[in-house]
Amino acid sequence: MEKKVNRFIKLYPWYKGLTGDLLFYVAIGTLFLRVVRGLTSSELVTMTTVSTVAAIALQFPMLWVIKRLGNTASVRISGIALVMSALCFTFGTDFYVIMLGAVFRNISQTMCQPIFVALENNLYLVNRRDEFIKIRASGNTCYSVLTMIVSFIASPLFNVHRFLPMLCCIASTVIGLIMSFFMADCSDSDIITSKAQKSRAKVGYGKLVLLAVLSYGVFFALVNEGQTDQKLFIEGELMSAFSVDNAALILGIILAVSRIIRVISNMVFVKIYTRMKQTIGNLLASLMFASFVLSVLGSLVPNTAVKFTVMALGYVIILFCRDPFTLYIQDIIFENTPKEQHQTLLTMLRFGVKLATAALGIAASMLLLQFEFIVVIAILGIFAIAEIVISVWLYKTVKASQKESCEVQ
């Protein structure tokens, strides 16, 4: 058993790096679908919308499957879904087959959530639970490094041969699937079977859990929408100030720097979290607010160099916050709830993000029909203030819960 657990821990960072998303597709996907498959902007938007709605509708059916099959089998199903997604995107010539690929991608992202529960269960078995954040961060670092490398080589590969990046994408998903068969949840909580386990698995949606779900949903809705809108905002400002070639070059530099910053954020997070603990949530929420402020203020600066430096800094900050906030919320959930509830709670976190992102995306789209990007970014900043309030509330609730537990003991 110990040998299997150690193998799981060693493979986890590489597995997370290869299966965190569709490598190569995330860098070249829309270009591939436009150029090779001839999809229009309308079809791309429809594909994203339909797959998101399908993901929301399938959240709880997939949770039912996860509970009955267990963590190990669910992770392997996730790997199969990711391979199917890559195949549909690469070889699908019909729009509906390509859209099925987007649905498979969302299914994989939900079905892979038990890998985090399996990691924690295995760490408990070898008395290494205190390394949970460190190992999770190493997985995120591996993924961010791989995506950074891919962002540099995907376009040259596409120019060599249109299908080459997508074939690399398929290869990475197949390697991830093979790795999943050498990783297992070795605990008796892999599949919850006993009446006692089922009783403990029933989630009581107390104040702490509800605040964690709310904070996570609002934060990532703002991150997802903010990342897209800030990129488009910068792109528009660049196009009005430079030629198309120069604008593309500067935007490419900004995106490359943001990838490097994301790698750094994962590398330094463990040290920061060790010192700050739960207060890091307040810091990350404040940084996100600062990101929107910098984007708005930067766009108003007349000096071109200062203007785009400040706007780029705003975009980079939001990438810095992304992965650490996930680790922070998951650690709070895992430390303050029974492990039998973790499968359900991870699904609830993801469900909350999907709903909040869909709602915020619709609102932003409607606003853009009448207002400029700067107005939308400013409104996102106002919502970021609400997230700071929620984060502080969550912090106080966690501290009160920990104090209560100490008094009981």
Residues being open to solvent by 10 Å² or more (accessible area, probe 1.4 Å), modelled with pLDDT under 90 and more than 18 Å from Ile192 (Cα to Cα): count how many of those fall in segment 107-125. 1
Residue under question is Leu33, and the condition is that it be over 16 Å from Leu345 (Cα atoms), assigned to a helix (DSSP H, G or I), of a type outside the set (Val, Ile, Thr) and open to solvent by 60 Å² or more (accessible area, probe 1.4 Å); does it hold? no
Quick check: is even one residue across segment 113-129 without any contact (Cβ under 8 Å) to a residue 24 or more places away in the chain and assigned to a helix (DSSP H, G or I)? yes
Within segment 135-180, count every residue that is buried (at least 19 other Cβ atoms within 10 Å of the Cβ) and among the basic types (Lys, Arg). 1
Just one listed residue, out of Thr357, Thr326, Thr309, Thr347, is hydroxyl-bearing (Ser, Thr, Tyr), touching a Phe, Trp or Tyr at 6+ places or on another chain (Cβ under 9 Å) and more than 18 Å from Leu208 (Cα to Cα), and it is Thr357
Hey, could you check segment 15-30 for residues that are of a type outside the set (Gly, Ala, Ser) and not in a loop (DSSP other than H, G, I, E, B) and say which is modelled with the lowest pLDDT? Thr30
Would you call Glu335 among the acidic types (Asp, Glu), open to solvent by 50 Å² or more (accessible area, probe 1.4 Å) and either in contact (Cβ under 8 Å) with a residue 40 or more places away in the chain or out of contact with any strand residue (DSSP E or B) (no Cβ under 6 Å at 6 or more places or on another chain) (or both)? yes
Looking at Phe89, Phe95 in this structure, which one is surrounded by fewer than 18 Cβ atoms within 10 Å (Cβ to Cβ) and either of a type outside the set (Phe, Trp, Tyr) or more than 19 Å from the chain's Cα centre (by Cα) (or both)? Phe95
Which one is modelled with the lowest pLDDT among residues in segment 37-46 that are surrounded by fewer than 16 Cβ atoms within 10 Å (Cβ to Cβ) and either touching a His at 6+ places or on another chain (Cβ under 6 Å) or assigned to a loop (DSSP other than H, G, I, E, B) (or both)? Thr40
Cβ pairs under 6 Å, 6+ apart, first in segment 63-78 and more than 14 Å from Met179 (Cβ to Cβ), second among the hydrophobic types (A, V, I, L, M, F, W, C): Gly70/Ile191; Asn71/Val117; Asn71/Ala118; Ser74/Ile66; Ser74/Met111; Ile77/Met111
For segment 358-395, which positions are crowded, with 21+ Cβ neighbours inside 10 Å and polar (S, T, N, Q)? Ser391
Report every pair of residues separated by at least 6 positions or lying on different chains whose Cβ atoms are under 6 Å apart, first residue within segment 283-297 and at negative phi, second of a type in the set (Gly, Ala, Ser) and surrounded by fewer than 17 Cβ atoms within 10 Å (Cβ to Cβ). Val296/Ala378
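Select the helices (runs of 4 or more DSSP H) contained entirely in segment 243-353, then report the ones holding at least 3 residues which are aliphatic (A, V, I, L, M), at pLDDT 85 or above and more than 22 Å from the chain's Cα centre (by Cα).
The helices (runs of 4 or more DSSP H) meeting that bar are 280-300, 304-336.
The values are calculated or read from the model by the stated rules, or taken from the named source; none is laboratory data. No experiment lies behind these values; they were computed from the predicted model shown. As a convention, Cβ positions derive from the backbone with ideal geometry for all residues, glycine included, and neighbour counts pool all protein chains shown. The area values use the complete protein model at the heavy-atom level, side chains included, leaving out ligands, DNA and RNA. Shrake-Rupley method; radii C 1.70, N 1.55, O 1.52, S 1.80 Å.
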